[in-house]
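Below is one structure; the comments refer to it alone.
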Amino acid sequence: MPDLSALPPAPTLLVTVLAFLLGSLVSGVLYSRARGADIRDRDLPGGSGTWRQFGRGAGILVSAGDILKGVVAALLARALVPQGGEPLAALVTGAVVAGHCYPVFFGFRGGGGIAPLLGALLVFTPGVLLALLLTAAVVIPTYKATLQPRLKLNAVPFATAVAVPVGLLVGALTGGFWPLLAGGAVMAVRAAHLLRGGA
């Protein structure tokens, strides 16, 4: 576990709460409501669900918004608690992903958490993010061409299941293990919730 004892309590609590609130601004819900609907009635409110329901441009816009809130949360943390290091990065990454998955503004019914995780990692640990993206870039087309017709599982969850262990290994070797683990753990809880039929 990262050592949280050296972090200043008040600023650490502030940036963690701010990260959760930023995460709770789920772009797909905001976009769909602006279009007179709630995407959660038909799909998950992330970029891929928005793409399916509203088209490519909307999906890209929503993905960018959700990545951006991870970036903003991480930049705020660095600005307000510059000495926080990896322990603070883990707290803030977990909080922004948790906000996206369980948004306080939208009845705790959110998305899967990939985009805000990517945004936070971009600031806190870009090497780990690069490892994740490179792994996914190899796994997704390979999986689609070989296993997907038999498994009938979407390529993104499959690629995530492969890429996260690779990212954790890179993080353990180079730094950035704990932020990825924190965000990944929240995503795993959300995935289990969805698989059990949760909204």
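Observations, loosely collected:
- Pairs meeting the criteria (first residue in the range 155-183 and open to solvent by less than 10 Å² (accessible area, probe 1.4 Å), second residue part of a loop (DSSP other than H, G, I, E, B), beta carbons under 6 Å, at least 6 apart or on different chains) are Gly176/Thr125; Pro179/Thr125.
- Filtering Gly28, Gly57, Gly70, Gly23 for residues that are of a type in the set (Gly, Ala, Ser), farther than 15 Å from Leu117 by Cβ, modelled with pLDDT of 95 or more and within 18 Å of the chain's Cα centre (by Cα) leaves a single hit, Gly28.
- Counting only helices (runs of 4 or more DSSP H) that fall entirely inside the range 110-175 and contain at least 1 residues that are under 27 Å from Pro45 (Cβ atoms), of a type in the set (A, V, I, L, M, F, W, C) and touching a His at 6+ places or on another chain (Cβ under 9 Å), the qualifying elements are 114-124.
- For the range 53-70, a residue qualifies if it is under 19 Å from Gly183 (Cα atoms) and surrounded by fewer than 19 Cβ atoms within 10 Å (Cβ to Cβ), and the qualifying residues are Ala64, Leu68.
- The lone exception for Gly28 - which of (1) open to solvent by 40 Å² or more (accessible area, probe 1.4 Å); (2) out of contact with any Leu (no Cβ under 6 Å at 6 or more places or on another chain); (3) more than 17 Å from Ala182 (Cβ to Cβ) it fails: (1)
- Qualifying residue in the range 109-130 (condition: more than 28 Å from Tyr31 (Cα to Cα), surrounded by 14 or more Cβ atoms within 10 Å (Cβ to Cβ), at pLDDT 95 or above and hydroxyl-bearing (Ser, Thr, Tyr)): yes
- Close pairs from the range 88-110: first at negative phi, partner open to solvent by less than 50 Å² (accessible area, probe 1.4 Å) and among the polar types (S, T, N, Q), Cβ under 6 Å, at least 6 apart: Leu91/Thr16; Ala95/Thr16; Gly99/Ser24; Pro103/Ser24; Val104/Ser24; Phe105/Ser24
- Counting the residues of the range 26-43 that are β-branched (Val, Ile, Thr) and in a loop (DSSP other than H, G, I, E, B) gives 1.
- Within the range 40-57, residues that are free of Cβ contacts under 8 Å to residues at least 12 places away in the same chain and within 13 Å of Val26 (Cβ to Cβ) sit with their Cβ atoms under 8 Å from residues that are among the polar types (S, T, N, Q) and open to solvent by 30 Å² or more (accessible area, probe 1.4 Å), at 6+ positions apart or across chains, in these pairs: Asp43/Gln53.
- Residue count, the range 10-21 (criterion: open to solvent by 30 Å² or more (accessible area, probe 1.4 Å) and under 15 Å from Arg78 (Cα atoms)): 7
The values are calculated or read from the model by the stated rules, or taken from the named source; none is laboratory data. Computed from a predicted model, the values in this text were never measured in an experiment. Methodologically, a virtual Cβ is constructed for each residue, glycine included, from the backbone with ideal geometry; neighbour enumeration extends over all protein chains shown. Remember, those area values only see protein heavy atoms, side chains included, never the ligands or the DNA or RNA. Shrake-Rupley method; radii C 1.70, N 1.55, O 1.52, S 1.80 Å.
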